[in-house]
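Have a look at the structure below, then the notes.
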């Protein structure tokens, strides 16, 4: 399935063009792809084997082109397990990217802040994760063409890419947090008790994506960078209800500095 999808996308590209960097845009962050020059648009629905995302803020298409002088493939929208997708579908785009020759993957997401020092609109560089989804996309037959049966996750979030991001943020004067991302299945937001548990376990932010993509990418020997936009404080920290609308609004407010940072990181790769 991934080979057929990769071949289809490859045929849409100009001769000689081969994306080197993959970029996955989370909820409310899809506008980052609008700054690409002469983009090639490939709707997910046209790609063999691809489902469509169903979540607001996820357009459901690839945007491929020149981004800061580099050939980049951008996903405007991802797939989530909570949408009813199987794990094979959630990580299908990652394996397609690897088959296309992409070696560096930048993952972004909208996340709830658990660390009480965080504020909505903060940018957090992911240093590690805690997988509390109970799921792993590598379960089942191993794909030897991608990687080993038991991949090492000691440095899942590439230290070199993290340093490039910290340097770029410093040069731009953009404050950046660092922390551990926890994944829950969703789609319900966490309870205050679950957030207290996550804080005890050492998590700084929580979301419903990213971790399966990281597992598939590391297995496929890709370099991974993860960046969260803290779009809300998690349940029980503030006396207010959580809504997806708040996530979208905060991501929209933070998109300018997010865009600046991503631009600088890609330019430095």
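Return yes when residue 227 is touching a residue at least 60 places away in the same chain (Cβ under 8 Å), closer than 30 Å to residue 66 by Cβ, surrounded by fewer than 20 Cβ atoms within 10 Å (Cβ to Cβ) and in contact with a strand residue (DSSP E or B) (Cβ under 9 Å, 6 or more places away or on another chain) and no when it is not. When the stated conditions are applied, residue 227 does not pass them. Of all residues in region 150-180, those satisfying the criterion of being more than 18 Å from residue 219 (Cβ to Cβ) and part of a loop (DSSP other than H, G, I, E, B) are 173, 174, 175, 176.
Might you check whether a residue that is on the phi > 0 side of the Ramachandran plot and touching a strand residue (DSSP E or B) at 6+ places or on another chain (Cβ under 8 Å) occurs anywhere in region 74-83? Yes, there is a match, as at least one residue in region 74-83 is on the phi > 0 side of the Ramachandran plot and touching a strand residue (DSSP E or B) at 6+ places or on another chain (Cβ under 8 Å).
To keep it simple, each residue is scored yes or no on (1) at pLDDT 95 or above; (2) crowded, with 22+ Cβ neighbours inside 10 Å; (3) out of contact with any helix residue (DSSP H, G or I) (no Cβ under 9 Å at 6 or more places or on another chain); (4) closer than 28 Å to residue 267 by Cα.
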site	(1), (2), (3), (4)
107	yes, yes, no, yes
127	yes, no, no, yes
132	yes, no, no, no
136	yes, no, no, no
153	yes, no, no, yes
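Of all residues in region 110-117, one or more are crowded, with 24+ Cβ neighbours inside 10 Å, touching a residue at least 24 places away in the same chain (Cβ under 8 Å), farther than 19 Å from residue 224 by Cβ and under 17 Å from the mean Cα position of the chain (by Cα). The single residue among 71, 93, 48 that is within 21 Å of residue 226 (Cβ to Cβ) and either surrounded by 18 or more Cβ atoms within 10 Å (Cβ to Cβ) or modelled with pLDDT of 85 or more (or both) turns out to be 93. Just a yes or no: is a residue in region 181-193 crowded, with 18+ Cβ neighbours inside 10 Å, over 27 Å from residue 235 (Cα atoms), touching a helix residue (DSSP H, G or I) at 6+ places or on another chain (Cβ under 9 Å) and modelled with pLDDT of 95 or more? Looking for residues that are crowded, with 18+ Cβ neighbours inside 10 Å, over 27 Å from residue 235 (Cα atoms), touching a helix residue (DSSP H, G or I) at 6+ places or on another chain (Cβ under 9 Å) and modelled with pLDDT of 95 or more, one finds none in region 181-193, hence no.
Look at region 230-255 and say how many of its residues are farther than 17 Å from residue 187 by Cβ, in a helix (DSSP H, G or I) and at pLDDT 70 or above. Walk me through how you get there before you give the answer.
Start the filter on region 230-255 by keeping residues that are farther than 17 Å from residue 187 by Cβ, which leaves 230, 233, 236-240, 249-255.
When the remaining residues are screened for being in a helix (DSSP H, G or I), the result is 249-255.
Right, trim to at pLDDT 70 or above and you get 249-250, 252-255.
Number satisfying all stated conditions: 6.
For (1) under 23 Å from residue 80 (Cβ atoms); (2) without any contact (Cβ under 8 Å) to a residue 12 or more places away in the chain; (3) in contact with a strand residue (DSSP E or B) (Cβ under 9 Å, 6 or more places away or on another chain); (4) surrounded by 14 or more Cβ atoms within 10 Å (Cβ to Cβ), each residue gets a yes or a no:
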| residue | (1), (2), (3), (4) |
| --- | --- |
| 124 | yes, no, yes, yes |
| 148 | no, no, no, no |
| 165 | no, no, yes, yes |
| 177 | no, no, yes, yes |
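If you filter region 12-34 down to residues that are surrounded by fewer than 15 Cβ atoms within 10 Å (Cβ to Cβ) and out of contact with any strand residue (DSSP E or B) (no Cβ under 7 Å at 6 or more places or on another chain), you find that the one that is modelled with the lowest pLDDT is 34. Looking only at region 182-191, decide whether some residue is within 17 Å of the chain's Cα centre (by Cα) and in a strand (DSSP E or B). Scanning region 182-191, I find at least one residue that is within 17 Å of the chain's Cα centre (by Cα) and in a strand (DSSP E or B), so the answer is yes.
The values are calculated or read from the model by the stated rules, or taken from the named source; none is laboratory data. Being a predicted model, the structure only gives us computed values, none of them experimental. As a convention, Cβ positions derive from the backbone with ideal geometry for all residues, glycine included, and neighbour counts pool all protein chains shown.
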